[in-house]
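The values are calculated or read from the model by the stated rules, or taken from the named source; none is laboratory data. Computed from a predicted model, the values in this text were never measured in an experiment. All Cβ positions, even for glycine, are placed from backbone atoms using ideal geometry, and neighbour counts span all protein chains on display.
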Amino acid sequence: MHKKLLEILLEISEKMNDTEDIDELLSSIVKISNEYVKARRISVMLKDGGELVMRAYTGFAPTLERIPLGEGIAGRVAETGEEILVNGGSVSDVGEYGGASAFMCVPMRIRGDIIGVISFTNKPDDYFHEDDVAIARYIAAQCALAADRHVLHIQKRMSDNLRIIGMLKSSVAHDIANLLGVVEVYLGLLESEVPKSPQINEYFEDIYTELKRVSGLATDMLDYSKEKLKLNKVKFPVSALVDTLKRHNRLLVKDTDISIEYRLRDAFEMTADKDRLFRVLFNLINNAIDALNGRGRIVFKVNRSGRDAVFMVMDNGKGIKKENIKMLFSPFFTSGKIKGTGLGLAVVDEIVRAHGGRVSVRSREGSYTCFLIRIPIDG
């Protein structure tokens, strides 16, 4: 029997080194197993949620490719982790394999967790011996190891791909930000040369606002590709930040029936990364505008509360579904928005936390949404 195990070890190890495709590898292991156990039917099933899914088999065409955990012999073994061995009798509940007079099902484990089962059905003498059971356990361990190596390989490949994508994203975003800086310089030169008129001034303001939005998207991508934000904190009057928001937001709602009410209770100064704080508030107001679908009201309020500056952005728009609120600050979650990258609120949360602050949201579907941000005044 030891010789058999050694031979199986060598054959399976060679296959595991030569093959990365999990289904091809499991099929090879099943064929190797058949040479030593001599069962007429062998199958490997792996867990997928609450079911077992057939991944490799030999000696029969399965009538059931999926079995709920707990159903049938294979399902019970996957659920309990206890192997089942039947010799010289009728196995009536092996519906996934048909009738069988000898049956052996062994769980496959990785680090104590059951990930599937391997089943052996019918031997020429209708009897599985102790050597067969030992070999089956070893083969189950090898199948589990093959599945685990496959998962690790997939995770590594995904990690490598994400790292490459992250580097590309950072590079592209950086190039976009640089190009936008050049465009803004030439726009300033053009503005100094063009005769002034109210209409022309409005055109320039529109262009500057759109440049600000594109620049914000590029900076969002750059910020999200960094492990830690480096803040450029300066001291500034909050009223100056509000004035900048007013100028840009006025252009965003000029062709709509949306009104924005600004409430600045206290004239105070704070220390923070002014540009990033602008992006936080600009993102939130832009989201509120999007939620109103061309008609409605936004209230933007700032006040001082103890050592914190408190910013509120509230709209009477479509609201947010209750089940979506906990996902709002996850990257690439858009809650049905057509525009945007899905990074806006994730970056909002990251910038606020980098300032030692916190952001919260209340919403009622079909009624309102309110974002509240608290950031220490002294930086």
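Residue check: is residue 232 at negative phi, at pLDDT below 90 and in a helix (DSSP H, G or I)?
Criteria not met by residue 232.
Would you check which residues across the stretch 29-58 are more than 26 Å from residue 87 (Cα to Cα) and outside any strand (DSSP E or B) and list them?
Matches in the stretch 29-58: 49, 50.
For residue 319, indicate whether it is loosely packed, with under 13 Cβ neighbours inside 10 Å, at positive phi, over 22 Å from the mean Cα position of the chain (by Cα) and modelled with pLDDT under 95.
no
Would you be able to tell me the number of residues in the stretch 237-274 that are over 15 Å from residue 209 (Cβ atoms) and modelled with pLDDT under 85?
Final tally of qualifying residues: 3.
Would you say residue 70 is in the same structural domain as residue 138 (by TED's automatic domain parsing), part of a loop (DSSP other than H, G, I, E, B), at pLDDT 85 or above and not acidic (Asp, Glu)?
Yes, satisfied.
From the residues in the stretch 73-96 that are at pLDDT 85 or above and of a type in the set (D, E, K, R), which one is farthest from residue 37 (Cα to Cα)?
79
Determine which member of the set 285, 258 is in a strand (DSSP E or B), surrounded by 18 or more Cβ atoms within 10 Å (Cβ to Cβ) and either assigned by TED's automatic domain parsing to the domain that holds residue 363 or in contact with a Leu (Cβ under 6 Å, 6 or more places away or on another chain) (or both).
258
Select from the stretch 354-379 the residues that are of a type in the set (Lys, Arg) and out of contact with any Cys (no Cβ under 7 Å at 6 or more places or on another chain) and write down the one among them that is surrounded by the most Cβ atoms within 10 Å (Cβ to Cβ).
Across the stretch 354-379, the extreme among qualifying residues is 374.
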